[in-house]
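Novice: Provided herewith is a single structure, encoded as structure tokens, for subsequent inquiry.
The values are calculated or read from the model by the stated rules, or taken from the named source; none is laboratory data. The model shown is predicted, which means the values in this text are computed figures rather than measured ones. Positions of Cβ are generated from backbone atoms using ideal geometry, with glycine treated the same way; all protein chains shown enter the neighbour counts. With ligands, DNA and RNA removed, areas are computed over all heavy atoms of the protein, side chains included. Shrake-Rupley method; radii C 1.70, N 1.55, O 1.52, S 1.80 Å.
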Amino acid sequence: MKRRTGQDRSITANWRPATRAIRGGTARSEFGETSEALFLTSGYAYDCAGDAAARFAGEQQGMTYSRLQNPTVQMLEERIALLEGAEACRTMATGMAAMTAVLLCQLQTGDHVVAGRAAFGSCRWLVDTLLPRFGITTTVIDARDPQQFADAVRPETKVFFFETPANPTMDVVDLRAVCGIARERGITSVVDNAFATPALQRPLDYGADVTAYSATKMMDGQGRVLAGAVCGSADFVENTLLSFIRNTGPTLSAFNAWVVLKGLETLDLRIRRQSESALKVGRFLEGRVPRVLHPGLPSHPQHNLAMSQMDAAGPIFAFEVDGGRKQAHALLDALQLIDISNNIGDSRSLMTHPATTTHHSVAEDKRIEMGVSDGMLRLNVGLEDVDDLIEDLDQALRVAGL
Ligand SMILES: *Cc1c(COP(=O)(O)O)cnc(C)c1O
């Protein structure tokens, strides 16, 4: 690898976000390729036995095995770290691999976690089911109220874990207040920032210790691959996270890393355009359905807070119909352009009924308590012409009796 300007922080840290997203992390091989190379290799060869020994001893720079290092994966990690404004980043095979690793790498039996109650279904499973199995206790609170975090703290509390905006209720967490409570008490705050991405919200700027991502969503942005990432201080990543992921192997494939590198090149453009369209669609829906949950709209109870910590509200929001599951399904079935799909962050517009898909495994009382009603629909607004999206919704709403 020669020209490494994309990896030289004394240069790249001066670049603005859109430039970092395209050039950050780039390391060119001796061929001088303009687009990042895809290194599909599981291992590496050494010039001599002494080099192999020196590399394993950490006395020589270089790669040893793709569970531990891969040039394409490293380019992506450096690019995400730069976008996040983090000292370090490690990627993983999926967002859930990242969430699992970020929790298990720092917790042990006897520890306690405080987590936001509105969350991605599998994140709730980690908190409600997996951690308690290992003697790690958890308290689930309404993360919209910072005081509930403070009240839940015990001497053995190690981690605050929450997402903002939350999936799919669009609850917003006051990053500065909650991360401040964690800092004061020596608790690690872990923010699942999948909905906003660093293009719209950088939790580390508000005092968060660690951010965790499903890069499957806006970072790939075109519905192609699964990927995850964890960002934080060099100390956290090198000394707490790294040995866990190297030895348990939730490694991201080089191919998927390459796809996400290409996705990041257009992240800024996509997320701003999709946010703009989502706001237009949200305004249209406000006139037609009883409730729209969109942090970019003044009707959202936390609109001011959301806009104080996000550059734009993002492409995803939820809305509710009064006719429950029957009416929600009728609306979905009448769509002609927007796909029925539980994915988000895609350049295609997608709509899902969380109660019967992403949150079907959450017990009904817990689901209702989280705010995921039977009449709730979640919409990911893509890059199509927004007028076509509104026309499709208009005809589908009419079919559903709205
Ligand atoms: C999708 C998602 C995840 C899980 O990510 P995968 O890449 O699907 O494993 C975690 N948190 C949030 C908020 C998500 O939207």
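Novice: For region 33-152, please list each of the helices (runs of 4 or more DSSP H) lying entirely inside it that holds at least 1 residues being within 16 Å of the ligand (Cβ to nearest atom) and either assigned by TED's automatic domain parsing to the domain that holds N342 or within 23 Å of the chain's Cα centre (by Cα) (or both). Spell out the reasoning first.
Specialist: Numbers: elements: 49-56, 71-84, 95-104, 121-125, 146-152.
Hits in region 33-152: 71-84, 95-104, 121-125.
Novice: Here is a follow-up. Assess whether D387 counts as being under 20 Å from L279 (Cα atoms), in the same structural domain as P301 (by TED's automatic domain parsing), free of Cβ contacts under 8 Å to residues at least 12 places away in the same chain and out of contact with any Pro (no Cβ under 7 Å at 6 or more places or on another chain). Even if it seems obvious, please write down each step before you answer.
Specialist: Numbers: under 20 Å from L279 (Cα atoms): yes; in the same structural domain as P301 (by TED's automatic domain parsing): yes; free of Cβ contacts under 8 Å to residues at least 12 places away in the same chain: yes; out of contact with any Pro (no Cβ under 7 Å at 6 or more places or on another chain): yes.
Criteria met by D387.
Novice: On the given criteria, is V225 within 27 Å of L68 (Cβ to Cβ), open to solvent by 10 Å² or more (accessible area, probe 1.4 Å), within 16 Å of the ligand (Cβ to nearest atom) and not aromatic (F, W, Y)?
Specialist: Spelling it out, V225 is indeed within 27 Å of L68 (Cβ to Cβ), open to solvent by 10 Å² or more (accessible area, probe 1.4 Å), within 16 Å of the ligand (Cβ to nearest atom) and not aromatic (F, W, Y).
Novice: Can you tell me which residue among T109, T100 is at pLDDT 95 or above, open to solvent by 60 Å² or more (accessible area, probe 1.4 Å) and over 18 Å from A254 (Cα atoms)?
Specialist: Working: T100 fails: open to solvent by 60 Å² or more (accessible area, probe 1.4 Å).
It is T109.
Novice: While we're looking at this one, here's another question. Pick from region 345-365 the residues that are within 20 Å of I271 (Cβ to Cβ) and among the charged types (D, E, K, R): which of them is nearest to the ligand (Cβ to nearest atom)? I'd like the intermediate steps shown before the answer.
Specialist: As a first pass, look at region 345-365 and keep what is within 20 Å of I271 (Cβ to Cβ): 345-352.
Keeping just the survivors that are among the charged types (D, E, K, R) gives 346, 348.
Working: D346: 12, R348: 16 Å.
Among them, the one singled out is D346.
Novice: From F56, F31, F39, grab the single residue that is aromatic (F, W, Y) and crowded, with 19+ Cβ neighbours inside 10 Å.
Specialist: On the way: F56 fails: crowded, with 19+ Cβ neighbours inside 10 Å; F31 fails: crowded, with 19+ Cβ neighbours inside 10 Å.
Exactly one of F56, F31, F39 is aromatic (F, W, Y) and crowded, with 19+ Cβ neighbours inside 10 Å, namely F39.
Novice: For region 1-28, name all the residues that are open to solvent by 70 Å² or more (accessible area, probe 1.4 Å), free of Cβ contacts under 8 Å to residues at least 40 places away in the same chain and more than 27 Å from the chain's Cα centre (by Cα).
Specialist: Scanning region 1-28 gives K2, R3, R4, S10.
Novice: To continue, here is another question. Going residue by residue through region 367-378, is there one that turns out to be under 21 Å from the mean Cα position of the chain (by Cα), under 23 Å from M218 (Cα atoms), within 13 Å of the ligand (Cβ to nearest atom) and open to solvent by less than 10 Å² (accessible area, probe 1.4 Å)?
Specialist: Yes: one or more hits.
Novice: Take the conditions surrounded by 15 or more Cβ atoms within 10 Å (Cβ to Cβ) and hydrophobic (A, V, I, L, M, F, W, C) and apply them to I344. Does it pass?
Specialist: Working: surrounded by 15 or more Cβ atoms within 10 Å (Cβ to Cβ): yes; hydrophobic (A, V, I, L, M, F, W, C): yes.
Yes: the conditions hold for I344.
Novice: Also, quick follow-up: Of the residues T72, T41, which single one is more than 30 Å from T188 (Cα to Cα) and of a type in the set (V, I, T)? Break it down into steps so the answer makes sense when it comes.
Specialist: Values: T72 fails: more than 30 Å from T188 (Cα to Cα).
Criteria check complete, one pass: T41.
Novice: Looking at R133, R90, which is the one that is touching a helix residue (DSSP H, G or I) at 6+ places or on another chain (Cβ under 9 Å), at pLDDT 95 or above, open to solvent by 30 Å² or more (accessible area, probe 1.4 Å) and of a type in the set (K, R)? Give the steps one after another, and end with the answer.
Specialist: Details: R133 fails: touching a helix residue (DSSP H, G or I) at 6+ places or on another chain (Cβ under 9 Å).
Testing whether each residue is touching a helix residue (DSSP H, G or I) at 6+ places or on another chain (Cβ under 9 Å), at pLDDT 95 or above, open to solvent by 30 Å² or more (accessible area, probe 1.4 Å) and of a type in the set (K, R) leaves just R90.
Novice: Let me ask something else about it. Give the residues of region 314-344 that are without any contact (Cβ under 8 Å) to a residue 40 or more places away in the chain, of a type outside the set (S, T, Y) and either within 16 Å of the ligand (Cβ to nearest atom) or farther than 13 Å from L393 by Cα (or both), sorted by residue number.
Specialist: K326, H329, N342
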